[in-house]
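Worksheet: the structure to be examined is printed underneath.
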Amino acid sequence: MQFMQDNIWMILVAVSSGLMLLWSFIGNSIRGVKEVSSAAALQLINYKNALVLDVREAAEFNAGHVLNAKQIPFGKLDESIGELERYRTQPIVVMDSSGLRSSAACVLLNKHGFELAYNLVGGVSAWQKAGLPLKK
């Protein structure tokens, strides 16, 4: 009991970070975000002609991106949705640096009727860890 009193702030930080992690998993399920691993994304790209939509900023994109990826920064996605109209019936693999902006982008795409939007779990970082190439 004394330990808990002496370390209450550390305990609260640990509990809250655990709850935030749990919420990220539950939140995507509730919002209907479909998630794919790098390997599954590669299958969608190679066999289902999926569009790769990179929602990072231009500087991040120019530092390295998936071959033939279309770059629309997340902040401009809503106003640029018309650019994606011809991809409405095919899968779209959405990526960013880590998977946070791309998850929100998938929610936005779903609201506009793009039902085949997939969030790349871990983003470009996961893509690189899987040994998959980036174009610079």
Problem set entry | Matching residues, region 20-42, being exposed (fewer than 13 other Cβ atoms within 10 Å of the Cβ) and at pLDDT 95 or above | ALA39
For this session: Residue by residue through region 1-19, note down the ones that are modelled with pLDDT of 75 or more, in a helix (DSSP H, G or I) and either over 30 Å from the mean Cα position of the chain (by Cα) or among the hydrophobic types (A, V, I, L, M, F, W, C) (or both).
Result: GLN2, PHE3, GLN5, ASP6, ILE8, TRP9, MET10, ILE11, LEU12, VAL13, ALA14, VAL15
Seminar exercise, completed: Note on region 80-98: residues open to solvent by less than 10 Å² (accessible area, probe 1.4 Å) and not β-branched (Val, Ile, Thr) are LEU84, MET95, ASP96
Exercise. GLY131 is checked against (1) outside any strand (DSSP E or B); (2) open to solvent by less than 10 Å² (accessible area, probe 1.4 Å); (3) under 20 Å from SER38 (Cα atoms) and fails just one. What number does that condition carry?
Worked result: (2)
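Please indicate, with yes or no, whether at least one residue in region 58-72 is closer than 14 Å to LYS34 by Cα, touching a residue at least 40 places away in the same chain (Cβ under 8 Å) and open to solvent by 10 Å² or more (accessible area, probe 1.4 Å).
Initial filter on region 58-72 (closer than 14 Å to LYS34 by Cα): none.
No, there is no match, as no residue in region 58-72 is closer than 14 Å to LYS34 by Cα, touching a residue at least 40 places away in the same chain (Cβ under 8 Å) and open to solvent by 10 Å² or more (accessible area, probe 1.4 Å).
I need the full set of residues from region 109-122 which are out of contact with any helix residue (DSSP H, G or I) (no Cβ under 6 Å at 6 or more places or on another chain), open to solvent by less than 40 Å² (accessible area, probe 1.4 Å) and not in a loop (DSSP other than H, G, I, E, B), in order please.
Of region 109-122, the ones out of contact with any helix residue (DSSP H, G or I) (no Cβ under 6 Å at 6 or more places or on another chain) are 109-111, 113-116, 118, 121-122.
Now restrict to residues that are open to solvent by less than 40 Å² (accessible area, probe 1.4 Å): 109, 113-114, 122.
If the condition is that a residue be out of contact with any helix residue (DSSP H, G or I) (no Cβ under 6 Å at 6 or more places or on another chain), open to solvent by less than 40 Å² (accessible area, probe 1.4 Å) and not in a loop (DSSP other than H, G, I, E, B), then LEU109 is the only one that fits.
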For this session: Hey, can you tell me all the residues within region 33-60 that are under 17 Å from VAL107 (Cβ atoms) and over 15 Å from the mean Cα position of the chain (by Cα)?
Result: none
Problem set entry | So LEU67, is it over 11 Å from the mean Cα position of the chain (by Cα) and assigned to a loop (DSSP other than H, G, I, E, B) | yes
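Would you call GLU83 part of a helix (DSSP H, G or I), over 14 Å from VAL52 (Cα atoms) and over 18 Å from the mean Cα position of the chain (by Cα)? Give the derivation first.
Values: part of a helix (DSSP H, G or I): yes; over 14 Å from VAL52 (Cα atoms): no; over 18 Å from the mean Cα position of the chain (by Cα): yes.
No: the conditions fail for GLU83.
The values are calculated or read from the model by the stated rules, or taken from the named source; none is laboratory data. Please read all numbers here as calculations on a predicted model, not as lab measurements. Because the Cβ atoms are built from the backbone with ideal geometry, glycine has one as well, and the counts that use them run over all protein chains shown. Accessible surface areas use protein heavy atoms only, side chains included; no ligands, DNA or RNA. Shrake-Rupley method; radii C 1.70, N 1.55, O 1.52, S 1.80 Å.
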